[in-house]
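Notes for the one structure printed next.
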Amino acid sequence: MLEITSPQKEDLIKLYDELAGVLEGPRWYGTLSSRKVVFVGDTHGAPEVSLYALRLWGKNGGIIVFLGDYVDRGSRGLENLYLILRAKLEWPKEVYVLRGNHESKMMNSWYGFLEELDSKGKTGLYDVILDLYGLMPYMLKVNKWFTVHGGIVCRKCIQDYDPPLTIQEIQESIPGNPLDHREDPPTPEALQLLWNDPRPNDYWFSPSIRGAGIFYYGLPAVKRFLEDNGLDIIIRAHERCNALRIIYPDGRVDEGPPDGSTWEEKDLQGSVLTVFSSRYHGAGTGLLIYSDGLFTLRRVNID
Ligand SMILES: [Mn+2]
């Protein structure tokens, strides 16, 4: 079983060589079906949360999906990334590792990961880490759910009628060469997948306070995206919340439910779920478990 360890450069190069044929690449959009799934949101330098999630998955069975943001903020981003990628290598058909907006050179220079590497005398590993970022897919379909770090992508990027790009259109916009992706997402569409946030509002899209080229997506955009792509639910991470937030299609919001809360899959049709697994933010660390038609929130309480 896996343990939390810190890699040397040769460990990481070896891992990269082995993973190059296993990590699916930026343009990949896999379609998986599984009766049992564990979803992990932002872990931000806390490998103990990832390990907890992997152990839970070991008992739950099925697949586990990491929704991005492995580094920055917390002090053990290197260990966290190494743990998750070793799990991917060991169980390639069961472990999925999506890219977050912190798998980015620009973010790492601002939010702590480069400083962490420097303090550990491991800046020499960063080139390999960027190569690994370039191999991480942006999105994945599990059952009838769209999973991504941030969200869906606008067409005209306006509040009025603005049907989102379909998954096929998004895919066609993504360059196929991993080298184009190794530092930061290279296109506006890829940026939005990693950065956009849902809002329980009646607009289609609206500019986000997060910055230029980033948008909030409202209820009509979610409805249309799900219809156009034959999907039921969006499952994403990215946004600080108390463990889990559900935005229902009628605009109701449920945030911070108690540990062990459950929902029937059919009652979440049309919803956007935010899974937040960060310990750093002090907002409630959650994992979302799916098993045979039922979603359960598991709160992580570890010392
Ligand atoms: Mn994020």
Please go through the range 60-75 and give me each residue that is free of Cβ contacts under 8 Å to residues at least 60 places away in the same chain, on the phi < 0 side of the Ramachandran plot and more than 13 Å from the ligand (Cβ to nearest atom), ordered by number.
64, 75
Selected residue (criterion: nearest to the ligand (Cβ to nearest atom)) from residues of the range 171-190 that are in a helix (DSSP H, G or I) and touching a residue at least 24 places away in the same chain (Cβ under 8 Å):
190
Tell me whether the range 4-26 contains one or more residues that are β-branched (Val, Ile, Thr) and within 16 Å of the ligand (Cβ to nearest atom).
no
Scan (1) in contact with a Leu (Cβ under 7 Å, 6 or more places away or on another chain); (2) surrounded by fewer than 23 Cβ atoms within 10 Å (Cβ to Cβ) for the single condition residue 108 breaks and write down its number.
(2)
Residue 226 vs. criteria under 20 Å from residue 31 (Cα atoms) and within 15 Å of the ligand (Cβ to nearest atom):
no
Residue tally, condition surrounded by fewer than 18 Cβ atoms within 10 Å (Cβ to Cβ) and of a type outside the set (Lys, Arg), over the range 63-93
5
Check 130, 140, 114, 125 and return the single one that is crowded, with 17+ Cβ neighbours inside 10 Å and under 28 Å from residue 290 (Cα atoms).
140
Mind counting the residues in the range 94-105 that are surrounded by 21 or more Cβ atoms within 10 Å (Cβ to Cβ), without any contact (Cβ under 8 Å) to a residue 60 or more places away in the chain and more than 13 Å from the ligand (Cβ to nearest atom)?
1
How many residues of the range 15-51 are in a helix (DSSP H, G or I) and over 20 Å from residue 71 (Cβ atoms)? The answer is 2
Just checking, how many residues over the range 229-266 are away from the ligand (no atom under 16 Å from the Cβ), under 14 Å from residue 145 (Cβ atoms) and in contact with a helix residue (DSSP H, G or I) (Cβ under 9 Å, 6 or more places away or on another chain)?
5
Residues of the range 194-223 classified as assigned to a helix (DSSP H, G or I) and away from the ligand (no atom under 16 Å from the Cβ), total:
5
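Here, each number is a calculation from the coordinates, and none is a lab measurement. Since the structure is predicted, the reported quantities are computational estimates derived from the model, not experimental observations. Methodologically, a virtual Cβ is constructed for each residue, glycine included, from the backbone with ideal geometry; neighbour enumeration extends over all protein chains shown.
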